1. Over the Cα atoms of the stretch 130-218, what is the Rg over Rh ratio if Rh follows Kirkwood?
2. Where does the chain land at 222 nm, in deg cm²/dmol rounded to the nearest 500, when only DSSP H runs of n ≥ 4 count, each adding -39500 (n - 2.57), divided by all residues?
3. Starting from 0.36 nm per residue, how many nanometres of slack lie between residue 262 and residue 136 once their C-alpha separation is accounted for?
4. I need 169, 109 ordered by Cβ neighbour count within 10 Å, fewest first.
5. Can you tell which of 15, 42, 160 shows the greatest fluctuation in a Gaussian network model of the chain with Cα springs below 10 Å?
6. Using a 10 angstrom cutoff on alpha carbons, build the Gaussian network for the chain and name the most mobile of 242, 28, 193.
7. Which residue, 221, 148, 25, tops the fluctuation ranking in a GNM of the chain built on C-alpha contacts under 10 Å?
8. Could I get the Rg over Rh figure for the stretch 28-151? Both from C-alpha atoms, Rh via Kirkwood, rounded to two places.
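Computed from the coordinates by the stated procedures, all read-outs in this text should not be read as laboratory data. Being a predicted model, the structure only gives us computed values, none of them experimental. Glycine gets a Cβ as well: all are built from the backbone with ideal geometry, and neighbour counts include every protein chain shown.
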């Protein structure tokens, strides 16, 4: 079973300096892995009382039955994870407001490659970090999967995001989050974050919303942010190479258009 080693943050202690509106409904942040889960989770945490944050587990299918209390109506919580589309997941999430975070498959390939090559990811694929395979080969493995070791891009996006579409979920794009963080003083950013934080039950943004968003989005608080990944990581390009873009379109035709990236 792969293991992810990340540093702890201190957002729970920072949370106490703000006044919060209590949750009246369970909220679940679902996501395609490597799509900015920790970033969006940390932003949302700054608007929710610590006692209403579900820190018991990062909710996933194998441990869903042990963590259904995360979606309790009588004791609503903000929880997060990678919950595949299934009958059990749909039933468990029925009481919850469901947010699904996605990312452009092109940049996702690079993010997943970077993660697999870091020491933060520990599993049965340590040999990929040895230099015995090229960077292009690793990127192709992120697209097409590794037989009996890692799922394909199409499988991950299908079960973590696409299959949830049309069921009333709120879809958030990682790129939109980043764009508005970089221009947080602009009116468009206020509109975006009012919509996002509104999912928690806030009718209006609190006056200190920018401070909360900046604290939650502090990359020092995210163990999976690019600069916080440990190990001797190969130098990756800023943009997915043309050949790999074509392979993404071959492997998952129509995916980027469906998610709104075309």
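1. My calculation puts Rg/Rh at 1.14.
2. Details: 11 runs with 94 residues, N = 262.
Here the helix-only value at 222 nm equals -10000 deg cm²/dmol.
3. Details: separation 126, 0.36 × 126 = 45.36 nm, distance 2.44 nm.
In short, 42.9 nm is gained.
4. 169, 109
5. Evaluated over the chain, the most mobile residue of the options is 15.
6. Evaluated over the chain, the most mobile residue of the options is 242.
7. 148
8. That ratio is 1.03, to two decimals.
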